[in-house]
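What follows is a set of notes on a single structure, which appears directly below.
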Amino acid sequence: MLKNYITKLILLVVLLSLTSCFEIIEEVNLNKDGSGDFVLTINLSQSKSKITSIMLLDSINGHKVPSREGIQQGMIEVVNYLKKSKGIYNVTKKEDYENYVFSVQCSFKNINSINNLTKEVLGKQKVKIQSYNTYEYDVSNKEFTKEYNYDSQLLKQYNKLPVDTKKVFENASYTGIYRFNEQIQSVSNTKAKVSKSKKAAMLRVNAIDLINGHTKLNTKIQLAK
């Protein structure tokens, strides 16, 4: 999620390419019946001083700098699209222009409703992406599964970027957080960390490792029966 994310926040992607550090945070809060909430956040706060300066310019390094109004319009379009998506409801957004943190939140009736959501939203904006997440939850066996579909085209596109733009991804990261009502019995991904309460798991990886295909996001979480 989404996002990874992402959305008509393509305007934000331009900002990402002009900053030195960013984080994409994906949160899934799952209920016992398989319904729950999903949150996708783009956090640029570690580069907020630089972004504040950049936002005063029309363009930089050949990139058109998005306006605040343009970002706001992009957020509105994302929310409107999600509201029309099957199985998705309670769609909200948050925009923090002081720290440059942007998020979209929604509730889902079944976790399958958020499968490929990022890919679909980006597709509406004529952006092709083949690396994405899918989810499943087996209610009877209490097993949560996240599958990450990696496409080597991601690395090929990255290699085409200018050297300065590539450096942006050196400090970028992806964080997945998964919360449950029951305690976690086991987690298949050895890089995932389980909270003290044993009701949440977190997986944080470097963006470069994802691009190169060196890191697997695939995870199976078995909850206590």
Study note, to complete from the structure: In the range 15-40, anything surrounded by fewer than 22 Cβ atoms within 10 Å (Cβ to Cβ) and modelled with pLDDT of 80 or more is listed as E23, E27, N29, N31, K32, D33, G34, S35, D37, V39
Exercise for review: Please work out if K216 is surrounded by 14 or more Cβ atoms within 10 Å (Cβ to Cβ) and part of a loop (DSSP other than H, G, I, E, B).
Suggested key: yes
Exercise for review: Might you check whether a residue that is at pLDDT 95 or above and on the phi > 0 side of the Ramachandran plot occurs anywhere in the range 173-195?
Suggested key: no
Review point. At pLDDT below 90, surrounded by 13 or more Cβ atoms within 10 Å (Cβ to Cβ), at positive phi and touching a Phe, Trp or Tyr at 6+ places or on another chain (Cβ under 9 Å): does that describe N116?
Key: yes
Practice item. Being in a strand (DSSP E or B) and at pLDDT 80 or above is the filter here, so list the residues in the range 58-95 that pass it. Key: I88, Y89, N90, V91, T92, K93, K94, E95
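The values are calculated or read from the model by the stated rules, or taken from the named source; none is laboratory data. These figures come from a predicted structure and were not determined experimentally. So basically every Cβ, Gly included, is an ideal-geometry build from the backbone, and we count neighbours across all protein chains shown.
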